[in-house]
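Where a number appears in this text, it was derived from the coordinates with a stated rule and is not lab data. Here the structure is a predicted model, which means the values were calculated and not measured. We place every Cβ from the backbone using ideal geometry, glycine too, and count neighbours over all the protein chains shown.
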Amino acid sequence: MQIVYFLFLFFAEVLYAEIRTETPNTISYSVSNMSFEEVQLRISNELQVNAFNIVHEINIAKSLEAVSKSLDKPPLIEKAINIGFCKPSVSYKMLEKNIDALLYCPLKLLIFQAKDSPSISISFLKAPQLNEQIDPKKLDETIENIITSGLD
């Protein structure tokens, strides 16, 4: 009986584990053991704990829902929030040598839930190599650490 119990716990943990995917331009996590609102709150809190300012939280799902109604089509996503965030010291370093870095200020991540999907996705664009002072991999790692800490 104990074996069955431990197997159940193991598979329950595996089913709810974070799933990480990476493309050349993005890093994403998918979770299914939390509500959308809980994920949003945890990620927002973790950003603030790490001294990032939240510049905006845009409800993309609401805008897309209005468009889908006007096109007489079903909505594609259930919920979606775009969070813009920045840390003045990071922004300054990014802009110091390359003013084109303004395109990445604020940094952004997206939390969304597809229609009829139990999982919540958290995605962000990888930082480009804008100048020699900012290592894009370190910035990506910082954002990933914020996401994973928020999901733990």
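Can you give the charge dipole size of region 85-140 about its Cα centre, rounded to the nearest 20 debye, using +1 on the beta carbon of Lys and Arg and -1 on the beta carbon of Asp and Glu?
On the way: 8 positive and 6 negative charges, 19 e Å.
That gives a dipole near 100 debye.
Rank by packing, highest mean first: peptides 48-56, 144-152, with packing defined as the count of other Cβ atoms within 10 Å averaged across residues.
Numbers: 48-56: 13.6, 144-152: 17.0.
Result, highest mean Cβ count within 10 Å first: 144-152, 48-56.
Aspartates and glutamates near Lys87 by alpha-carbon distance under 19 Å, same-chain residues fewer than 8 away left out - which ones?
Those aspartates and glutamates meeting the cut-off are Glu46, Glu57, Glu96, Asp100, Glu132, Asp135, Asp140, Glu141, Glu144.
Using +1 at the C-beta of Lys and Arg and -1 at the C-beta of Asp and Glu, which of Ile122, Ser68, Asn45 has the Cα lying farthest in the positive direction of the dipole of region 18-151?
It is Ser68.
Using 23 Å as the Cα-Cα cut-off, could you pick out the over-long pairs in Lys62/Lys93; Lys79/Lys138; Lys62/Lys115? Could the numbers behind the result be given before it?
On the way: Lys62/Lys93 35 Å; Lys79/Lys138 30 Å; Lys62/Lys115 13 Å.
In this structure, Lys62/Lys93; Lys79/Lys138 lie more than 23 Å apart at Cα.
If I take every Cα pair under 8 Å that is 6 or more residues apart in the chain, average their sequence separation and divide by the length, what percent do I get for the relative contact order?
Working: 216 pairs, mean separation 39.1, N = 152.
Dividing the mean separation by the residue count of the chain yields 26 percent.
Can you tell me the 0 to 90 degree angle between the C-alpha axis of helix 2-15 and the longest principal axis of the chain, rounded to 10?
30
Please report Ser32, Ser44, Ser89 as a ranked list, fewest other C-beta atoms within 10 angstrom at the top and most at the bottom. Can you show the working numbers first?
Details: Ser32 14, Ser44 18, Ser89 9.
By the 10 Å Cβ count, ascending: Ser89, Ser32, Ser44.
Using only Cα atoms, figure out Rg for the chain and give it as a multiple of 2.2 N^0.38 Å.
Values: Rg = 18.0 Å, N = 152, 2.2 N^0.38 = 14.8 Å.
The value comes to 1.21.
For the chain, with only Lys/Arg (+1) and Asp/Glu (-1) charged at the beta-carbon, what is the dipole magnitude about the Cα centre, in debye rounded to 20? Show your work: numbers first, answer last.
Numbers: 14 positive and 19 negative charges, 65 e Å.
Here the size comes out at about 320 debye.
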